[in-house]
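The block underneath contains the structure these notes are about, expressed in structure tokens.
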Amino acid sequence: MRVWASLWLVVCIAACTTSPTPLRSNSTKAPAEKQWQGRISVTVQSDPPRNMSSGFTLEGDTRLGELNLFSPLGTTLATMQWSPTSTQLLQGSQQRRFDSLEHLTQETTGAALPIDAMFDWLQGIGTASPGWQADLSAISQGTLVAKRLTPEPLVILRIKLDSP
């Protein structure tokens, strides 16, 4: 009985100390790179309406970055990666390339998201993005709501950060 209890304790301690896999190798990270995690939802008020909601991690910047989407159980649903030379979507063993970040987010979330402005919005900077209106009034509490008013249909982006 003691052997099983000891073994279980070792397994539990090991599980608690295992660090998550880095999103990208450290060789591509900038020293002052920003990172966020939490929940993201995108609602496209089309006919029929489209809704996407998942956990996320976002790191990098508009030039070099990665956005991971997770299921409620922590399974990776999709990884969006971009650099000056490529934009791609990884889903399981499938890899698809896109000509722009807008096309990539359109395919993944149902709407072309203003990733460039999102980085600023998450830092509380009210950067304008054509057709989008961001409410940054609760960003200090980790909540961001942005709406795309034009072109139609209306798109609502909601982000709730795990820790502001």
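Values as computed for the structure displayed
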read-out	value
Index of the failed condition, GLN106 passing every other in (1) touching a strand residue (DSSP E or B) at 6+ places or on another chain (Cβ under 7 Å); (2) of a type outside the set (D, E, K, R); (3) modelled with pLDDT under 95	(1)
Selected residue (criterion: surrounded by the most Cβ atoms within 10 Å (Cβ to Cβ)) from residues of the range 137-154 that are among the aliphatic types (A, V, I, L, M) and assigned to a loop (DSSP other than H, G, I, E, B)	LEU154
When residues of the range 40-74 are limited to those that are outside any loop (DSSP other than H, G, I, E, B) and among the β-branched types (Val, Ile, Thr), the one farthest from GLN106 (Cα to Cα)	THR57
Condition broken by SER163, with the remaining ones in (1) part of a loop (DSSP other than H, G, I, E, B); (2) within 14 Å of the chain's Cα centre (by Cα) satisfied	(2)
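The values are calculated or read from the model by the stated rules, or taken from the named source; none is laboratory data. Given the structure is predicted, the values throughout are model-derived calculations rather than measurements. Note: ideal-geometry Cβ built from the backbone for every residue, glycine included; neighbour counts use all protein chains shown.
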